[in-house]
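Below you'll find the structure, written out as structure tokens, and then a few comments.
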């Protein structure tokens with residue numbers, strides 16, 4: 001039976017497709033590879049606009065990128081270079097500006113801005129390069145114990161951030177949910193910043209002050225390359241650049257920086273109990289700069305765990321635990337003191353500057369500690 005006209009059209013279409021298919025087979029595989037190599041695939045969750053901006057930033061020369069960051073974070077009306085050199089006129093001008101402090105950036109500002117991480121990093125002036133080989137080869141681990149003021153926390157993170165370091169942020173359990181979401185959104189914009197998996201309701205004078213540090217130590221431990229651990233609160237700010245910190249820690253040569261005192265210790269805190277293994281009881285600070293081996297001893301050594309259990313039953317354990325590990329040389333922890341040190345009254349801290357009333361305070365005292373301002377910022381820094 002002769003095919004109808006519609007049937008003829010159908011078979012003509014099928015035949016045409018077969019011819020085209022055979023021609024396609026003749027195109028070399030190399031040609032297809034060349035074609036595919038020109039296609040840029042977006043990482044999961046990255047918008048096209050964000051990806052383009054990220055590529056533009058990455059292609060910008062290093063010096064130009066740093067200059068752009070400097071312009072973004074420059075304070076109008078203040079000669080920062082002169083202030084850093086101790087110029088009294090510029091310092092006075094900077095102090096005058098503190099009388100008209102702007103409204104802090106809101107949680108919603110950060111939540112909205114971090115929907116585009118490349119834009120967030122650029123607008124807020126993050127240094128997304130190691131800058132020097134020396135810094136890259138000396139990664140530092142940080143814990144940040146925070147509970148309020150998202151902008152202050154973000155400014156601190158920006159000041160200490162480098163892509164080769166690693167950062168654990170513990171958000172107090174009683175902090176508002178919006179604050180927690182904000183800090184989480186900021187952390188999610190960086191592969192080397194994370195929120196501690198467990199949140200603690202921190203109460204002064206109790207084990208809960210020490211606990212977040214231990215949580216972050218344990219979670220930072222899985223990052224195997226960092227050399228030193230520094231713990232911070234959300235209300236601190238660095239006086240040194242990352243490069244300067246690396247230089248200082250290199251000079252430390254494995255030594256730890258844990259304030260320790262016997263003379264200022266209060267035996268009543270230990271409630272008439274004897275420390276395990278006859279360890280000497282001392283007082284110190286929860287704020288430390290220690291080598292990786294010190295952290296490993298805390299996490300893995302049985303004596304450290306027994307000491308931790310004992311301090312948990314004492315008063316203000318955060319001022320006892322790290323100091324006792326530092327002041328008992330028989331433990332054999334790398335970098336700790338060989339004897340029982342007593343800090344200088346004028347300079348009780350090496351890694352930090354704190355004024356508990358031993359020095360003049362240009363602003364005010366809160367809970368017996370001076371709130372630093374430009375007035376004394378460069379008079380009593382670590383660079384003295």
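Against the condition surrounded by fewer than 16 Cβ atoms within 10 Å (Cβ to Cβ) and either assigned by TED's automatic domain parsing to the domain that holds residue 225 or more than 20 Å from residue 196 (Cα to Cα) (or both), how does residue 91 come out, does it pass? Spelling it out, it is not the case that residue 91 is surrounded by fewer than 16 Cβ atoms within 10 Å (Cβ to Cβ) and either assigned by TED's automatic domain parsing to the domain that holds residue 225 or more than 20 Å from residue 196 (Cα to Cα) (or both). Scanning segment 104-115 for residues that are in a loop (DSSP other than H, G, I, E, B) and surrounded by fewer than 19 Cβ atoms within 10 Å (Cβ to Cβ) yields 104, 105, 106, 115. When restricted to residues that are farther than 15 Å from residue 285 by Cα and either modelled with pLDDT of 75 or more or buried (at least 16 other Cβ atoms within 10 Å of the Cβ) (or both), segment 369-384 contains 9.
Give the residues of segment 98-114 that are under 20 Å from residue 69 (Cα atoms) and modelled with pLDDT of 95 or more, sorted by residue number. Passing the criteria: 109, 110, 113, 114.
For segment 248-257, taking the residues that are out of contact with any strand residue (DSSP E or B) (no Cβ under 6 Å at 6 or more places or on another chain) and surrounded by 15 or more Cβ atoms within 10 Å (Cβ to Cβ), the one that is farthest from residue 137 (Cα to Cα) is identified as 255. Taking (1) out of contact with any strand residue (DSSP E or B) (no Cβ under 8 Å at 6 or more places or on another chain); (2) touching a residue at least 60 places away in the same chain (Cβ under 8 Å); (3) more than 20 Å from residue 230 (Cα to Cα) in turn, residue 68 satisfies each apart from (2).
Listed conditions (1) surrounded by fewer than 23 Cβ atoms within 10 Å (Cβ to Cβ); (2) in contact (Cβ under 8 Å) with a residue 12 or more places away in the chain; (3) in a helix (DSSP H, G or I) are all met by residue 305, apart from (2). Taken residue by residue, segment 193-206 has at least one member that is over 11 Å from the mean Cα position of the chain (by Cα) and at positive phi.
Is at least one residue of segment 126-143 surrounded by 16 or more Cβ atoms within 10 Å (Cβ to Cβ), part of a loop (DSSP other than H, G, I, E, B) and free of Cβ contacts under 8 Å to residues at least 40 places away in the same chain? Yes, because at least one residue in segment 126-143 is surrounded by 16 or more Cβ atoms within 10 Å (Cβ to Cβ), part of a loop (DSSP other than H, G, I, E, B) and free of Cβ contacts under 8 Å to residues at least 40 places away in the same chain.
Yes or no, residue by residue, for (1) touching a strand residue (DSSP E or B) at 6+ places or on another chain (Cβ under 9 Å); (2) surrounded by 20 or more Cβ atoms within 10 Å (Cβ to Cβ); (3) over 22 Å from residue 319 (Cβ atoms); (4) not assigned by TED's automatic domain parsing to the domain that holds residue 299:
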residue	(1), (2), (3), (4)
190	yes, no, yes, no
194	yes, no, yes, no
206	no, no, no, no
210	no, yes, no, no
213	yes, yes, no, no
219	yes, no, yes, no
231	yes, yes, no, no
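Is it the case that some residue within segment 191-210 is within 22 Å of residue 249 (Cβ to Cβ), assigned to a loop (DSSP other than H, G, I, E, B) and at pLDDT 95 or above? Taking every residue of segment 191-210 in turn, at least one turns out to be within 22 Å of residue 249 (Cβ to Cβ), assigned to a loop (DSSP other than H, G, I, E, B) and at pLDDT 95 or above. Residues being within 13 Å of residue 327 (Cβ to Cβ), touching a residue at least 12 places away in the same chain (Cβ under 8 Å) and touching a helix residue (DSSP H, G or I) at 6+ places or on another chain (Cβ under 6 Å) are represented in segment 284-299 by at least one member.
The values are calculated or read from the model by the stated rules, or taken from the named source; none is laboratory data. Just so it is clear, the structure is predicted and the values come from calculations on it, not from any experiment. Positions of Cβ are backbone-derived with ideal geometry, glycine not excepted, and every protein chain shown enters the neighbour counts.
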